[in-house]
1. Does B:VAL586 satisfy the criteria of being under 22 Å from A:VAL403 (Cβ atoms), in contact (Cβ under 8 Å) with a residue 12 or more places away in the chain and not small (Gly, Ala, Ser)?
2. Please go through the stretch A:545-568 and pick out each residue that is within 17 Å of A:LEU427 (Cα to Cα), facing chain B (nearest Cβ under 10 Å) and small (Gly, Ala, Ser).
3. State yes or no: is A:ALA145 touching a strand residue (DSSP E or B) at 6+ places or on another chain (Cβ under 7 Å), crowded, with 24+ Cβ neighbours inside 10 Å, touching a residue at least 12 places away in the same chain (Cβ under 8 Å) and in a helix (DSSP H, G or I)?
4. Could you pull out every one of the strands (runs of 3 or more DSSP E) wholly within the stretch B:121-188 that has 3 or more residues that are modelled with pLDDT of 85 or more and more than 26 Å from the chain's Cα centre (by Cα)?
5. Picking from B:VAL435, B:VAL478, which residue would you name as being surrounded by fewer than 21 Cβ atoms within 10 Å (Cβ to Cβ), among the hydrophobic types (A, V, I, L, M, F, W, C) and under 20 Å from B:ARG319 (Cα atoms)?
6. How many residues are surrounded by 17 or more Cβ atoms within 10 Å (Cβ to Cβ) and part of a loop (DSSP other than H, G, I, E, B) when one looks only at the stretch A:63-97?
7. Within the set of pairs 6 or more residues apart or between chains, which connect a residue that is within 14 Å of B:LEU560 (Cβ to Cβ) inside the stretch B:514-527 to a residue that is in a helix (DSSP H, G or I) and of a type in the set (Gly, Ala, Ser) with Cβ atoms less than 6 Å apart?
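The values are calculated or read from the model by the stated rules, or taken from the named source; none is laboratory data. Just so you know, these numbers come straight off a predicted model, no measurement behind them. Heads up, the Cβs are rebuilt from the backbone with ideal geometry, glycines too, and the neighbour counts pull from every protein chain shown.
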Amino acid sequence: MSTIGWVQICLTLALVLLAAIPLGAYMAKVFGGGHTFVTPVLGPLERGFYRLAGVDPKREQGWLAYSLAMLAFSVVGFASLYAILRLQAFLPWNPQGFDGLSADLAFNTAISFVTNTNWQAYGGETTMSHFSQMAGLAVHNFLSAATGIALAVAVTRAFARTGSATLGNFWVDLTRATLYVLLPIAIIVALAFVALGVPQTLEGSVEATTLEGAKQVIALGPIASQEAIKQLGTNGGGFLNANSAHPFENPTAISNVLAIFSMLVVSTALPIAFGRMVGAQRQGYALLAAMAILLVAGVAIVYAAETSGNPLLTALGLDPAMGNMEGKEVRFGQAMTALFVAVTTGLSCGAVNAMHASLTPLGGFVPLLLIQLGEVLPGGVGSGLYGMIVFAILAVFVAGLMVGRTPEFLGKKIEAREMKLAMLAVLILPLVILGFSSIAVMLPVALASLANAGPHGLTEILYAYSSAAGNNGSAFAGLNANTPWFNTTLGISMALGRFAYVVPVLAIAGSIAAKKRVPVSAGTFPTDTPLFVGLLIGVILILGGLQFFPALALGPIVEHVLMLAGQTF
Amino acid sequence: MSKKQIAPTLFDSAILGRASLDAVRKLDPRSLMRNPVIFTTEVVAALVTTIWLRDVLAGQAGSSFSGQIAAWLWFTVLFATFAEAVAEGRGKAQAASLRRTRSDAHAKRLLDPHNLGDLFEGVNALDLNVGDIVLVEAGDLIPSDGEIVEGVASVNEAAITGESAPVIREAGGDRSAVTGGTTVLSDWIKVRVTAAPGSTFIDRMIALVEGAERQKTPNELALSILLSGMTLIFLIAVVTLWGLAGYSGTVLSVVVLVALLVTLIPTTIGGLLSAIGIAGMDRLIRFNVIATSGRSVEAAGDVDTLLLDKTGTITFGNRMATEFLPVPGVEQKVLAQAALLASLSDETPEGRSIVALAKSDHGLIEPDFGAKQPVVIPFAAQTRISGIDIDARSIRKGAVDSILRFTNTPIERAPAEFRQAVDRVARTGGTPLAVAENGKLLGVIHLKDVIKPNIKERFAALRSMGIKTVMVTGDNPVTAAAIASEAGVDDFIAEATPEDKLAYIRREQTGGRLIAMCGDGTNDAPALAQADVGVAMQSGTQAAREAGNMVDLDSNPTKLIEIVEIGKQLLMTRGSLTTFSIANDVAKYFAILPALFVATYPQLGALNVMRLASPQSAILSAVIFNALIIIALIPLALRGVAYRRVGANALLRRNLLVYGLGGLVLPFIGIKAIDLVVAALHLA
């Protein structure tokens, strides 16, 4: 580790915070129905959409209607994307003349993009037409992210309201998230990427003759626009197979900072918007602090593990000064790679600028754990916030009794119904991740996809299911996931990870919104103090992480101790 | 106060003996199903036992290990049921003593209940129906709960309250309720029976202390859901581990997987949860307060507004003289002397307090009248004056306007100092009494409501706990404000009618607050029913007792504060032990995980930070620790976590340190210690 590395990391994070504060305030206004400086321009457009769709923006929905609208929207999105991918050979903008996708791959990919996972079992430049990329994938990059924001806003309103039967209107929240938040920022970020040298064209690939006289196909396309929303919406599905490690997606150190910045900014702004909307700004910062502390701890471990290098290679005479550079891009360096690794997994983004499978065991342990902790650090756009609120509810419940009152969060009592639903939600991740992993390691058909044996192979499978269920989408690499088994089970994992989690959370929101708010007094359990932040971190680690510990011990942890003992896989 | 029933000590040997038997009886899976964590433990204990039996029968090596694990799993379950049995045992002992006092004696039922004639028939008390009227005479047990319709009697209620001094019960008013099982000491009363057989106050009390009607309270239910959810999560983790370990080349036996499961699921809090709830109710009962449901005990912890009656709670019941304010030209001692003389035969508390003040502050002694015969003028409602004529001295004291009229002094002609003194006393919430001798004004006696000592500090402590205190009084707003500020309450309701109280409670509840109050009159009943915690006085009317959700057997309204603290303590104990139980898991991982995989990956021994002797001793030690910690925490669960009157933040910091951090560290030490013993005894 070097001082200059930490300076880079801290500067980037400071930049994010600096932008997130006004963005949070802006979002609080947008979703509070307030007037913003863009309302004169976007307002008529917004109302036009409602008229077109026959939506009455004033009519609010209860939690069930909100959930059903969200589910219906996702099902339609899934079906249309599935159709586009299957029929891409007959659709326009297919300069390379790619065939339609296989049924299982199309199923997997459609779910992947609808759930904001962007798990890619395919190589973008060798599978997808421009039409599929733009009309299919990029559209869902917007919509799945907007859905996440809408859900978070609905949950936020539950705490802001008292004695309310409704949480807002899904169609309005979805439209506003897209129109007021994602689209304007995406346009700016896309232009910035173009300025930094990312291609933006409808041309297909170019053929080049290399110095050796060999022919090389260089893939091109509308990369910058896709890149912007891929990062901004914590989608992570790259236009190109190598994702943000590819020089066309992420050409320079500056574009790397922009990539990190844009994937963090909305998720960082959401807790701030939450604090403003519920009228407790300190609460928003308390949630953010817990996220930041765990995230920075993750960055530190990756950075330390990677810079200390691989003792096995050092023993072979490799200079350890650079640390472990396998699978990394020299133009980003160790510090900004470590930051990218932790952020993309703490975030449920899943874009990668280095190959996670090539990280040292401890360096690979961190992204895996960050995903398994529930994607709340700070998590995907929207999903991170509502996931964090579930943890806050659990923390308040476990420790809140210790002040001698029945637990309450932001004045709302946490009772049996909320507890039942919260447990239902947190059950999903271990069930899906550990369940499918455990079955996969016993199935020859699944094991055939592994490139590595031993603990590293186990990590590959564990990582795949964690990434899917956590709606992260990054791959550990080394696992050939484009098989019917993995396409199907990972697809199911993604759907469960998103919908089986969020529906109980919306039900919690419904019951919270209906409750009265207990006034704050000296006897109230304080949830915006450093003490609570510490408690929340403890609860995230113990209730969110402990169940994965045995599996992690058999994967990256044992690999680490074996590496120290001189064994490799 | 003399208490007849002496609360059983924490570990009475008789209770422990019976609890041990009950603990075994509670192993019945049908009743254990109510507790998912311990039920799961029982199921896997049975599973491991079966495996052990199979191994023993097959003569397989290593059966001693599975046998020991099975034994400790059964101990885990037994310790949990034992905790519950001990908690219940204390209630049962109390119920038994109550049952002895329950009347199944004969009752004298009036033959003509409409005209309240004197003819009666002897019937068994259990045959009495609601609406029957019975005659109870001196020496009789009152056969059932009821309302006095005629007569007045002194009643010994020691059977219920433990208080042996008799109380007066009479028809009409707020003292008309009588309780079955109490004894009439003198006179006679006719009582209309208001409780059906089997549902009298004593019957309900027995059922409550025995825990027969025990249902999970809302918070207990929510906590059980959390614990069940965690059990499920760890079940998933352990079951899937079999597959993941299989991939890694380790075949995990069912016995070690079960050991891992049981140490991870929250058995500590799961085992103690119901004991904590029962003990909380029990603490109230020993405090002579009967809660009709566990729900109200929990609500007591949440209360954030206390409605307190001024009289008896904040002030002593009566006004007391606090100073003598003479007019110019009169020495204070002279005024004191005159007041003393005028009050000598005044037996009211106010009169006595004047005598006491004159003696203590002015060193006066009671004069010896010798042969002189003083003429005592007793207090009369019409004149509102009392006094004494002795020799030529004619001394009068009374309400200011009455004395002025008596002395023919229009108020404007009274000395300015006199008027100022009267004003000052009235403004500070006191009552001025004027004293005159032979038609001449001597001065003013300041009577005031005396605030109970330390009550201001109590209210300050309540405020730091986030509880608002509201004084309810019939006084006028000026007086009420003065007393309120002196006592340090946060708010007051002056000239309060029962409707005012009810409206105040409703208003506060709309704002999301939880209210506790106490009351005894029939007109308190609606407010008692509306309040989240309504404590009815045992001395109050039947209507009040039925409207409240707690009954205070000592009829002491100050207890409201302690009731809130007992509620808080109950919730705190639950939270602390839950935190402790969950924090324990970290150490158990470090004990068991390396032991599970050390055969395949010897390098994982690096995680064996406690340096436990062998894989088997590590697993066994963790399971033993897991069982013993339940028994070690039973006293804490029954006694409750110490409650301090400080703000939530300070409480949280302290408890998080003790039970959170303590829960992380203690098992490392405990498991290591047990491992040393296990290794020394060659158990594994």
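1. Working: under 22 Å from A:VAL403 (Cβ atoms): no; in contact (Cβ under 8 Å) with a residue 12 or more places away in the chain: yes; not small (Gly, Ala, Ser): yes.
Considered against the rule, which asks whether it is under 22 Å from A:VAL403 (Cβ atoms), in contact (Cβ under 8 Å) with a residue 12 or more places away in the chain and not small (Gly, Ala, Ser), B:VAL586 comes out as no.
2. Filtering the stretch A:545-568 for residues within 17 Å of A:LEU427 (Cα to Cα) gives A:545-551.
The next check asks that each one be facing chain B (nearest Cβ under 10 Å); those that pass are A:546-551.
Matches in the stretch A:545-568: A:ALA551 only.
3. Values: touching a strand residue (DSSP E or B) at 6+ places or on another chain (Cβ under 7 Å): no; crowded, with 24+ Cβ neighbours inside 10 Å: yes; touching a residue at least 12 places away in the same chain (Cβ under 8 Å): yes; in a helix (DSSP H, G or I): yes.
The answer is no for A:ALA145.
4. Details: elements: B:133-137, B:146-156, B:167-170.
Hits in the stretch B:121-188: B:133-137, B:146-156.
5. Details: B:VAL435 fails: surrounded by fewer than 21 Cβ atoms within 10 Å (Cβ to Cβ).
Among B:VAL435, B:VAL478, only B:VAL478 is surrounded by fewer than 21 Cβ atoms within 10 Å (Cβ to Cβ), among the hydrophobic types (A, V, I, L, M, F, W, C) and under 20 Å from B:ARG319 (Cα atoms).
6. 2
7. Here the result reads B:GLY519/B:ALA544; B:ASP520/B:ALA544; B:ASP524/B:ALA544, each pair linking the stretch B:514-527 to a residue that is in a helix (DSSP H, G or I) and of a type in the set (Gly, Ala, Ser).
Table: residues versus (1) surrounded by fewer than 18 Cβ atoms within 10 Å (Cβ to Cβ); (2) touching a residue at least 24 places away in the same chain (Cβ under 8 Å); (3) touching a Phe, Trp or Tyr at 6+ places or on another chain (Cβ under 8 Å).
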site	(1), (2), (3)
B:THR49	yes, yes, yes
B:ASP55	no, no, no
B:ALA83	no, yes, no
B:ARG90	no, yes, no
B:LEU98	no, yes, no
B:ASN115	yes, no, no
B:GLY122	yes, no, no
B:VAL130	yes, yes, no
B:VAL149	yes, yes, no
